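The values are calculated or read from the model by the stated rules, or taken from the named source; none is laboratory data. Predicted, not measured: the structure shown is a model, and the values here were computed from it. So basically every Cβ, Gly included, is an ideal-geometry build from the backbone, and we count neighbours across all protein chains shown. What goes into the accessible areas is simple: the full protein's heavy atoms, side chains included, and nothing from ligands, DNA or RNA. Shrake-Rupley method; radii C 1.70, N 1.55, O 1.52, S 1.80 Å.
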Amino acid sequence: MKLNRIATLLTIGVLWTANASFTPTPSPSDPDADANVRTLFAKLHRLSRLGTLFGHQDDRAYGVHWKEEEVRSDVFDVCGDFPAVSGWDLGELGKERNLDGVSFDKMQQWMIDIHRRGGINTVSWHMVNLANDSNSWDTTRSVQRILPGGDLHGKFLSKLDLFAAFANDLQVDGELVPLIFRPWHEHNGNWFWWGAAHCSVEEYKSLWRFTVEYLRDRKGVHSLLYAYSPNTFQSEAEYLERYPGDEYIDILGFDDYANVRDSEERSRKNLARQIQAVVRLAGERGKLPAWTETGLEGLSNPNWFTSILLNALTASPQAKHLTWVLVWRNANAQDKSNHFYGPHPQHPSAADFRRFYQDPLTLFLRDISE
Ligand code: BMA
């Protein structure tokens, strides 16, 4: 661990301990949340005061020049540490592999290994469109049809059953491994079948509430924190338009790729405005703020990690409260060339990523292992 970071952690730890009796840690939205979920929620609240966790999608499954090695990560190969947060996707759950070729069995093993090392797992779900089993980007209208009373409801329940089994099976030494579940993301865009143009406000809220209630109350899944994550937004009113309610959410996130492409004033202001909104809205609700997806595809700016990302994370006192920031996947070059968002050793951004890693604000696995 970096020395300056140890000093910061100690100082803030003491301050935090001194303050702890005055600020009760908020509870997860699930009243019956597993002890491990409560511990994770409290840990994230504490860490959000110390710095911002770095996350990477599919970090352990593959990298730009390798696939399916038991313990490998492009991030580790560049800085000698793993991300604090590992993102995964459930798209095509029920098959052997997900939509990006990740074996679900191996995903569970990696999730367990990450949890054992003190890391945090988050899952999104690019669910197929149940009207025709195509994919998330097929915008055939189907939200109303999968809700109770709809002709595809049974099919939807079967999908949720698969996830309930996946989550309830995820155990180590008889204890559940907690997951941050981030379904129905970027819903204010129109590219997914659950997007704003393809279902009404009420349908979207019902979709979210039904998902939580079914998993929690009917399938006994109590190992989840729930993350809400619209795409780039203009105002708090837009952000909250389809918010299902505090009883269904633990993390107030947002995805933004559009404002990290350059460091123009307009982009910087857009980022600052959104970060301030999620930090404020989460703070007043006892929730956690997070930047749930971002990245520059192909890292054409080799100083992107410090000049754009770190810059945004340190631009204001509020920004420092973001709990985590996650960059998208490093697709294997044979499957999809130039579709990577994290660093890798052969890329000119590697040195800049090490500077990003060294900054006291950024927290990696070793910084958060307890
Ligand atoms: C998108 C791209 C796709 C991928 C999907 C789900 O942003 O990376 O290639 O299939 O996410 O991971």
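Taking the range 221-258, which residues are polar (S, T, N, Q) and more than 18 Å from the chain's Cα centre (by Cα)?
Kept after step one, since they are polar (S, T, N, Q), are these residues of the range 221-258: 223, 229, 231-232, 234-235.
Those that are polar (S, T, N, Q) and more than 18 Å from the chain's Cα centre (by Cα): GLN234, SER235.
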- The residue from LEU240, LEU252 that alone is closer than 30 Å to TYR214 by Cβ, open to solvent by less than 10 Å² (accessible area, probe 1.4 Å) and not small (Gly, Ala, Ser) is LEU252
- Considering every residue within the range 328-346, establish whether at least one is out of contact with any His (no Cβ under 7 Å at 6 or more places or on another chain) and among the aliphatic types (A, V, I, L, M). no
- Message: Condition first: without any contact (Cβ under 8 Å) to a residue 40 or more places away in the chain and within 16 Å of the ligand (Cβ to nearest atom). Now tell me which residues in the range 304-356 satisfy that.
- Response: GLN334, LYS336, SER337
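This table checks each residue for (1) assigned to a loop (DSSP other than H, G, I, E, B); (2) of a type in the set (A, V, I, L, M, F, W, C).
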{"position": "ASN259", "(1), (2)": "no, no"}
{"position": "ASN270", "(1), (2)": "no, no"}
{"position": "VAL278", "(1), (2)": "no, yes"}
{"position": "THR292", "(1), (2)": "no, no"}
{"position": "PRO302", "(1), (2)": "yes, no"}
{"position": "THR306", "(1), (2)": "no, no"}
{"position": "PRO317", "(1), (2)": "yes, no"}
- Query: Of the numbered conditions (1) under 21 Å from ALA165 (Cβ atoms); (2) touching a helix residue (DSSP H, G or I) at 6+ places or on another chain (Cβ under 9 Å), GLY91 satisfies every one except a single condition; which is it?
  - Reply: (2)
- Task: State which residue is farthest from GLU175 (Cα to Cα) when the search covers only the range 42-83 and only residues that are away from the ligand (no atom under 15 Å from the Cβ) and under 14 Å from the mean Cα position of the chain (by Cα).
- Result: THR52
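A quick yes/no check of all residues on (1) within 24 Å of LEU47 (Cβ to Cβ); (2) loosely packed, with under 14 Cβ neighbours inside 10 Å; (3) out of contact with any helix residue (DSSP H, G or I) (no Cβ under 9 Å at 6 or more places or on another chain):
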{"position": "ARG329", "(1), (2), (3)": "yes, no, yes"}
{"position": "HIS344", "(1), (2), (3)": "no, no, no"}
{"position": "HIS347", "(1), (2), (3)": "no, no, no"}
{"position": "LEU361", "(1), (2), (3)": "yes, no, no"}
{"position": "ILE368", "(1), (2), (3)": "yes, no, no"}
